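Worksheet: the structure to be examined is printed underneath.
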Amino acid sequence: SMMGKHLTIGLPMAFQFSITAIGTIVLQSALNTFGSDKIAAYTAGGKVEQLVTQIGPAIGVTMANYAGQNLGAGRLDRIKKGVTSCTIMTLSLAVISAVALYFGAEWLSGLFISGDQPEVVASAVEYVNTICVFFPVLYMIFVYRNVLQGVGKSFMPLMAGVFELIARCVVSFTLPDRMGYVGVCLAGPVAWIAAMVPLCIAYYIIIGKMSKKSRLAQA
């Protein structure tokens with residue numbers, strides 16, 4: 001029974017990461033039409049993004065453990081307080097990361113681009129400056145998704161991954177034709193929004209139901 005509970009939580013998490021990888025492959029097909037310079041710029045920009053946004057996954061792992069421990073202790077009130085505190089901290093860090101990345105985009109992008117390639121650097125900076133505005137949305141995904149997984153509600157995080165995939169595919173097949181390279185840059189932010197909104201709604205609905213059930217049980 002314990003193995004079954006772990007698989008119930010773990011398998012949707014594994015599928016979620018697979019869905020994210022599929023979305024990246026679909027986007028790559030749209031990016032390939034813009035030539036090698038844009039591909040190199042997007043790759044460098046992606047590395048800069050991964051470097052700066054490591055705060056998000058770290059917060060996510062912390063919140064998953066925090067939520068699971070407090071669920072086991074029957075302290076849903078602490079989960080709600082923790083999410084509120086973490087939201088404030090996370091949004092603050094997202095703004096700081098976005099500002100730092102916006103002003104340091106050229107230098108950071110240059111670390112991943114060999115030789116004198118100003119056009120590639122400029123395109124990498126364009127990507128970085130486009131996505132950093134949406135860091136608050138990205139960081140909130142890590143909070144809500146991991147809290148839901150921590151309390152054993154892994155279905156909605158999986159569905160959020162599906163929404164993210166759909167959004168990324170729609171953007172990949174539409175915006176690049178209309179907006180060019182900027183359309184490719186916007187694929188990530190649009191996908192983040194598509195994932196964050198249902199996660200946020202699901203969190204408040206699920207925690208509300210769990211709190212109500214807990215109060216009834218105590219009564």
Query raised in the report: Considering only protein heavy atoms, what per residue accessible area in square angstrom results for the range 1-153 with a 1.4 angstrom probe?
Result: 52
Query raised in the report: For the chain, what is the relative contact order in percent, using Cα pairs closer than 8 Å and at least 6 residues apart in sequence?
Result: 31
Requested in this report: Quantify, in whole percent, the carbon and sulfur part of the accessible surface of the chain (1.4 Å probe; protein heavy atoms only).
Outcome: 68
Requested in this report: Keeping every protein chain in place, order 38, 81 by accessible area at 1.4 Å, biggest value first, i.e. largest first.
Outcome: 81, 38
Report task. Could you rank 154, 114 by how accessible they are, 1.4 Å probe, largest area first? Result -> 114, 154
Query raised in the report: Each residue of the range 174-190 in order: what ³J(HN,Hα) in whole Hz does its phi give by Karplus 6.51 cos²θ - 1.76 cosθ + 1.60, θ = phi - 60°, with x for Gly and Pro?
Result: 10, 5, x, 5, 8, 10, x, 4, 4, x, 5, 4, 7, 4, x, x, 5
**Report entry** Convex hull volume per residue in cubic angstrom - Cα atoms of the range 92-164
**Finding:** 110
**Report entry** Expected 222 nm ellipticity per residue - DSSP helices of 4 or more, -39500 (n - 2.57), all of the chain, to 500
**Finding:** -30500 deg cm²/dmol
Report summary line: Phi-derived 3J(HN,Hα) across the range 78-88 with the Karplus relation (6.51, -1.76, 1.60, θ = phi - 60°), rounded Hz, x for Gly and Pro, is 5, 4, 5, 5, x, 5, 4, 5, 5, 4, 4
Report summary line: For the chain, whose charge dipole is built from +1 on Lys and Arg Cβ atoms and -1 on Asp and Glu Cβ atoms, the candidate among 17, 48, 61 with its Cα farthest towards the positive end is 61
Query raised in the report: Each residue of the range 33-50 in turn: what ³J(HN,Hα) in whole Hz from Karplus with 6.51, -1.76, 1.60 and θ = phi - 60°, glycine and Pro shown as x?
Result: 6, 9, x, 5, 5, 5, 4, 4, 5, 5, 5, 5, x, x, 5, 4, 4, 5
Report summary line: Counting Lys and Arg as +1 and Asp and Glu as -1 over every other residue whose Cβ sits under 15 Å from the Cβ of residue 189, the net charge comes to -2
Query - Whole-number D in µm² s⁻¹ for the chain, Kirkwood Cα-pair radius fed into Stokes-Einstein, 10 °C, 1.306 mPa s - result: 86
Requested in this report: Let me know the shape class of the range 51-116, please: from the alpha-carbon gyration tensor, a ≥ b ≥ c as square roots of the eigenvalues, rounded when a/c is under 1.5, otherwise prolate if a/b is greater than b/c, or oblate.
Outcome: oblate
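The values are calculated or read from the model by the stated rules, or taken from the named source; none is laboratory data. Here the structure is a predicted model, which means the values were calculated and not measured. For neighbour counting, all protein chains shown are included, and Cβ atoms are generated from backbone atoms with ideal geometry for every residue, glycine included. The accessibility values were calculated without ligands, DNA or RNA, using every heavy atom of the protein model including side chains. Shrake-Rupley method; radii C 1.70, N 1.55, O 1.52, S 1.80 Å.
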